[in-house]
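*Asks:* Mind having a look at this structure? Questions to follow.
The values are calculated or read from the model by the stated rules, or taken from the named source; none is laboratory data. It should be emphasised that the depicted structure is a prediction, and the values quoted were computed from it without experimental measurement. Cβ sites come from the backbone with ideal geometry, for glycine too, and all protein chains shown count toward neighbours.
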Amino acid sequence: REALNRASEHIARGIVDTLAYKELKPEDLEPVLDDILIDLVESDVALEAAESIVAGVKEGLTGYRVRRGEPVEKVVRDALRKALLTLLDPGPRPDLAAEARRRCGGRPLVILFLGVNGTGKTTTIAKVAYMLRKAGVTPVIAAADTFRAGAQEQLAVHAEKLGVPIVRGRYGGDPASVAYDAVKHAESRGFCAVLVDTAGRMHVDSNLVEELRKIVRVVKPDYKILVVDSLTGNDAVEQARLFDEAVGVDGVIVTKVDADPKGGTLVSVAHAIRKPILYIGTGQRYEDLRPFDPQKIVDQLLG
Ligand code: GDP
């Protein structure tokens, strides 16, 4: 009798469940997901990234049981919010100032800056120098772009304004040796961090890749940070892939976010290389470097 009771209870619960819940099918999800895909692309998320994110949400929700009457749209948007947050917030981001401080008196924290000319790399290095200096850990700047005319002078102007030392090289000279000298200089004078500028020719050719790899071998950077311009969309994605394949990228700084109200490039770049965005550039002044806030950008994208 007990077994019979249990069985009938089970059946009754099954009936209640069938009435109260329903399993989501692809055809329930598709209309909402089509709208979301359009929203993402209109926010300048690259089509490839938008399609892949939407496909992930669809897969995750197919077969998911929702209460009857619960709007599918809300379920989908919640899942999308979660997917975007996971993508943009893959784990703890380094606190560069704290890490540099821990290195004082020993081997300095070496940060290599990668990126194509015009993205805002020079300005970003100056902003990071300003941030570190304000936190009490003055860095040495290594002007290891010995290729682009004016690169050394441009950095020297910032270094002087900021009151941070700079180690320069000859144009046409070996960038790896400039970076090496800067690390030695920091070590011997007790500076806790070295910010290494690198060349960023528009065509990431094999010479540039070799040059960057040599710098990496010689100074063994703690972080290789890629600088991309949020206004360049698919180019930024392409650059992220190229630099990541060439030397490996640990984190990204996206510049000119102040001029990009939509912010889709942040999603596209994160999706392309699955590396964290560390900071965003929000203007031309030294103060205009902010820690990246994934929640804020997701709110902005999803409204
Ligand atoms: P590089 O060639 O990559 O070294 O680029 P620069 O650092 O010289 O920057 C190129 C231009 O972008 C300059 O006019 C900078 O002031 C500007 N810039 C850099 N970062 C930002 C940013 O976050 N917001 C805005 N609005 N302009 C920026």
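*Asks:* Need at least 2 residues that are at pLDDT 95 or above and hydroxyl-bearing (Ser, Thr, Tyr) per element, so show me which helices (runs of 4 or more DSSP H) inside segment 61-146 make the cut, counting only ones lying wholly within it.
*Replies:* 121-134
*Asks:* Using beta carbons and a limit of 6 Å, which pairs, at least six apart or on different chains, have the first residue in segment 212-223 and at positive phi and the second one surrounded by fewer than 19 Cβ atoms within 10 Å (Cβ to Cβ) and in a helix (DSSP H, G or I)?
*Replies:* Within 6 Å, no pair qualifies.
*Asks:* Sticking with this structure for a sec: Working only within segment 16-38, note down all residues that are part of a helix (DSSP H, G or I), of a type outside the set (Gly, Ala, Ser) and loosely packed, with under 15 Cβ neighbours inside 10 Å.
*Replies:* Val16, Asp17, Thr18, Leu19, Pro26, Glu27, Glu30, Pro31, Asp34, Asp35, Ile38
*Asks:* Quick check on segment 46-95: of everything there that is more than 26 Å from Gly251 (Cβ to Cβ) and touching a Pro at 6+ places or on another chain (Cβ under 7 Å), which residue is surrounded by the most Cβ atoms within 10 Å (Cβ to Cβ)?
*Replies:* Lys58
*Asks:* Is there a residue being among the hydrophobic types (A, V, I, L, M, F, W, C), more than 16 Å from the ligand (Cβ to nearest atom) and in contact with a helix residue (DSSP H, G or I) (Cβ under 9 Å, 6 or more places away or on another chain) anywhere in segment 111-121?
*Replies:* No, every residue in segment 111-121 fails to be among the hydrophobic types (A, V, I, L, M, F, W, C), more than 16 Å from the ligand (Cβ to nearest atom) and in contact with a helix residue (DSSP H, G or I) (Cβ under 9 Å, 6 or more places away or on another chain).
Yes or no, residue by residue, for (1) away from the ligand (no atom under 13 Å from the Cβ); (2) closer than 24 Å to Leu96 by Cα; (3) out of contact with any helix residue (DSSP H, G or I) (no Cβ under 7 Å at 6 or more places or on another chain):
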site: Asp250; (1), (2), (3): yes, yes, yes
site: Val254; (1), (2), (3): no, yes, no
site: Asp258; (1), (2), (3): no, yes, yes
site: Ser268; (1), (2), (3): yes, no, no
site: His271; (1), (2), (3): yes, yes, no
site: Arg274; (1), (2), (3): yes, yes, yes
site: Ile280; (1), (2), (3): no, yes, no
site: Arg285; (1), (2), (3): no, yes, yes
site: Pro291; (1), (2), (3): yes, yes, yes
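*Asks:* Report, by residue number, each residue of segment 129-150 that is crowded, with 24+ Cβ neighbours inside 10 Å, of a type outside the set (Asp, Glu) and within 12 Å of the ligand (Cβ to nearest atom).
*Replies:* Ala143
*Asks:* Mind checking which residues of segment 224-241 are touching a residue at least 60 places away in the same chain (Cβ under 8 Å), part of a helix (DSSP H, G or I) and more than 15 Å from the ligand (Cβ to nearest atom)?
*Replies:* Hits for segment 224-241 are Asn234, Val237.
*Asks:* Search segment 240-279 for residues being touching a Ser or Thr at 6+ places or on another chain (Cβ under 8 Å) and polar (S, T, N, Q), and hand back the single one that is nearest to Glu211 (Cα to Cα).
*Replies:* Thr255
*Asks:* Take Ala156 and tell me if it is crowded, with 21+ Cβ neighbours inside 10 Å and not in a loop (DSSP other than H, G, I, E, B).
*Replies:* no
*Asks:* Only one of Arg189, Arg213, Arg170, Arg217 is at pLDDT below 95 and more than 15 Å from the ligand (Cβ to nearest atom). Can you tell me which?
*Replies:* Checking each option against the conditions leaves just Arg170.
*Asks:* Quick check on segment 151-167: of everything there that is of a type outside the set (Gly, Ala, Ser) and within 17 Å of Leu114 (Cα to Cα), which residue is nearest to the ligand (Cβ to nearest atom)?
*Replies:* Gln154
*Asks:* While we're looking at this one, here's another question. From the list Ala49, Ala20, which one is more than 30 Å from Arg241 (Cα to Cα) and among the small types (Gly, Ala, Ser)?
*Replies:* Ala20
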